[in-house]
1. What angle do you read, to the nearest 10 degrees and between 0 and 90, between the alpha-carbon axis of helix B:42-57 and the longest principal axis of chain B?
2. Under the rule a/c < 1.5 gives rounded, and otherwise a/b versus b/c splits prolate from oblate, where does the protein assembly as shown land using the Cα gyration tensor?
3. Quick one: compute the contact order of the stretch B:355-439, relative version, from alpha carbon pairs under 8 angstrom and 6+ residues apart, as a percent.
4. What is the stretch B:11-85 by shape, rounded, prolate or oblate, if you read a ≥ b ≥ c off the alpha carbon gyration tensor as root eigenvalues and call it rounded for a/c under 1.5, prolate for a/b larger than b/c, and oblate otherwise?
5. Could you pull out every residue, at least 5 positions away or on a different chain, whose amide H is within less than 5 Å of the one on residue A:136? Hs are placed 1.01 Å off N in the peptide plane, and Pro or chain starts have none.
6. Averaged over its residues, how many other protein chain Cβ atoms are within 10 Å of peptide B:57-65's Cβ atoms?
7. Based on a Kirkwood Rh over C-alpha pairs, give the Stokes-Einstein translational diffusion coefficient of the stretch B:316-440 at 25 °C and viscosity 0.890 mPa s in µm²/s.
8. Starting from the eigenvalues of the Cα gyration tensor, five times each then square-rooted, give me the equivalent ellipsoid semi-axes of chain B, largest first, whole Å.
Amino acid sequence: MTVAELIVDETSQARGPAGKVIENVCKFFAICGGLVLTAMAIMSIASIVGRSFFSSPIVGDYELVQAMCAVAVSMSLPYTHWVRGHVIVDFFTTHANPKFNAFLDLLANLLLALFSAVITWRLWRGLWELKGSMEASMLLDIPTWWSYAPMVPSFALLCIAAIYAAGADLGKMKS
Amino acid sequence: MTGIELGSVVFIGLIALLALRMHIGIAMLLAGSIGYVALSGMDPLLNYFKSAAYTRFSVYDLSVVPLFLLMGQFATHGGLSKALFKAGNAMIGHWRGGMAMAAVTSCAGFGAICGSSLATAATMGQVALPELKAHKYSPRLSTAVIAAGGTLGILIPPSVPLVIYAIITEQNIAKLFLAAFIPGIIAAIGYMVVIGIIARIRPEEAPRGDRFTWGQRLQALGETWPVLLIFAVVIGGIYGGLFTPTEAASIGTIATGFVAWTSGGLKGRGFLECMYGAAGATGMIFLILLGADVLNVFLALTQVNTELAKWVVGMNLHPLMVVFTIIAIYLVLGCIMDSLSMILLTVPMFFPIIMGIDIWGMDAESKAIWFGIVALMVVEIGLITPPVGMNVFIISNLAKDVPMKETFKYIVPFLISDLIRITAIVFFPSITLVALKIFT
């Protein structure tokens with residue numbers, strides 16, 4: 001577990017105008033993710049009510065949960081990274097030179113940027129393939145690529161946030 | 001290189017990456033990807049990444065995780081922590097060390113609607129620390145009590161790590177929740193006994209609080225009804241087969257959100273803070289899940305896990321020796337890692353070993369559930385052991401005047417009670433399994 005769920009760190013990174021923009025977009029994505037999650041919860045309840053009192057559950061509630069969950073989770077990722085909410089093992093490096101640690105953090109951020117870039121690219125390709133093959137959910141016929149659509153910008157934003165954080169690490173190394 | 005050699009090399013590389021401050025999710029992604037490319041080439045990996053994120057994030061059973069996280073955020077903002085502490089204090093505050101015990105019972109109560117230990121420690125700390133201070137409790141005892149009590153957050157269901165364990169090992173979430181219940185209660189009682197003993201040795205550190213009339217007590221208890229109701233509906237609903245865990249978590253989230261809304265906790269920035277808090281924790285957990293997915297695909301290709309299990313089982317060691325070795329590994333890892341990462345990293349390896357050996361003649365399902373509870377309790381200890389006990393960090397943030405060293409010193413008796421409980425459950429698995437027998 002991380003501190004991110006408790007402490008919304010407003011000062012973790014020195015930010016210029018670009019940082020401010022990234023931050024606000026990350027926050028916007030986080031709120032959207034939370035709202036999708038809330039909608040998913042309300043939908044589940046509606047389905048229970050329909051099932052128990054009107055013997056008519058919401059058709060395809062199961063697949064709606066799956067799609068909404070994937071969207072809500074993806075949209076949370078950039079915010080987590082922005083507030084440095086990821087846990088790391090700093091046991092072995094607590095007493096190391098801060099510049100060396102900044103260098104290690106830089107590497108970690110670059111790796112995350114690389115992976116999120118690759119995943120963005122692959123999701124984008126996957127989206128077009130799914131669109132082409134018209135794959136859709138079983139009951140509601142929701143095209144699977146619809147869920148991919150919010151995931152692509154989420155991972156792209158994660159990549160941007162990681163690059164920005166890498167820049168901040170570089171600044172720390174120089175200072 | 002054979003698959004097993006490659007698997008071992010990648011695993012050692014992974015440990016090195018972790019030691020070098022790499023986030024565990026990224027480290028797993030990197031190690032898993034390198035291994036995957038070495039075994040099957042670049043194209044299969046790129047192909048796999050096309051669907052990996054969606055496949056992992058859209059698992060129906062996993063959807064309870066973000067829901068429980070949001071529910072915990074609402075609970076934190078809902079003022080229920082105050083009601084719980086008041087009720088505990090009204091009932092037992094006048095005992096020796098009673099107010100500290102009330103802090104433990106309210107942690108347990110809060111744990112019943114919150115699946116995270118850190119959130120429990122932080123929330124109860126905000127409520128209980130000022131009260132304990134006002135009643136002349138020693139600061140170091142107060143911080144230790146809340147840090148230890150916070151671990152009840154995930155021991156008492158709902159529990160996020162237990163959901164993850166259930167999914168990795170393909171066990172029933174409802175049964176695991178039920179099995180965690182009695183050990184959770186025993187944990188709370190154990191902590192109260194520790195406080196009682198400390199209060200007798202050093203009465204000046206844990207004085208008696210005020211005595212309340214039964215009228216006041218009933219009124220205070222009455223104010224905790226939302227907690228009882230939400231817990232009963234969520235856990236009862238899951239167990240009674242009325243709802244799926246996701247549906248139960250949905251009800252819990254919306255109900256807790258409603259309580260937070262009526263108590264004014266969502267006003268102003270409150271609602272946004274809930275959203276941010278849930279998003280931060282969700283992103284953290286699911287990036288690790290994505291990394292673990294890649295790593296486990298690779299490990300499955302190399303068959304390292306099954307070979308390791310075969311090797312350990314083939315050594316014909318005493319089963320208890322195997323179990324206690326695993327516990328020892330968890331205790332060491334717990335000093336430097338967080339509980340969820342530990343579960344994701346180690347359960348795929350330890351679980352086949354446990355399933356391969358005979359422990360007290362338990363059947364496969366009982367063994368899987370029992371091991372889940374033991375593992376959960378052991379990794380939880382990592383939250384209160386130095387050098388990186390996260391719960392202690394959180395509490396130190398709230399009580400800056402208490403040196404962390406002092407808190408860790410007073411944590412020791414609580415750790416002893418943890419170890420006694422874990423040993424008891426290893427030797428008497430029925431402590432955790434009896435609840436299943438009663439209700440099935």
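1. Around 30 degrees separate the two axes.
2. On the way: a/c = 1.36, a/b = 1.29, b/c = 1.05.
Rounded is the answer for the protein assembly as shown, as its axis ratio a/c remains below 1.5.
3. On the way: 40 pairs, mean separation 25.4, N = 85.
Worked out over the stretch B:355-439, it gives 30 percent.
4. On the way: a/c = 5.17, a/b = 1.98, b/c = 2.62.
Judged from the Cα gyration tensor, the stretch B:11-85 comes out oblate (a/c at least 1.5, b/c at or above a/b).
5. A:144
6. Details: counts 12, 13, 3, 5, 1, 4, 11, 2, 2.
The mean count of partner-chain Cβ atoms within 10 Å per residue comes to 6.
7. Working: Rh = 15.7 Å.
Reported coefficient: 156 µm²/s.
8. Numbers: eigenvalues 280, 116, 89 Å².
Semi-axes from the Cα gyration tensor: 37, 24, 21 Å.
Just so you know, all these numbers are worked out from the coordinates, no wet-lab data involved. All values reported here derive from a predicted model rather than from experimental measurement. Glycine gets a Cβ as well: all are built from the backbone with ideal geometry, and neighbour counts include every protein chain shown.
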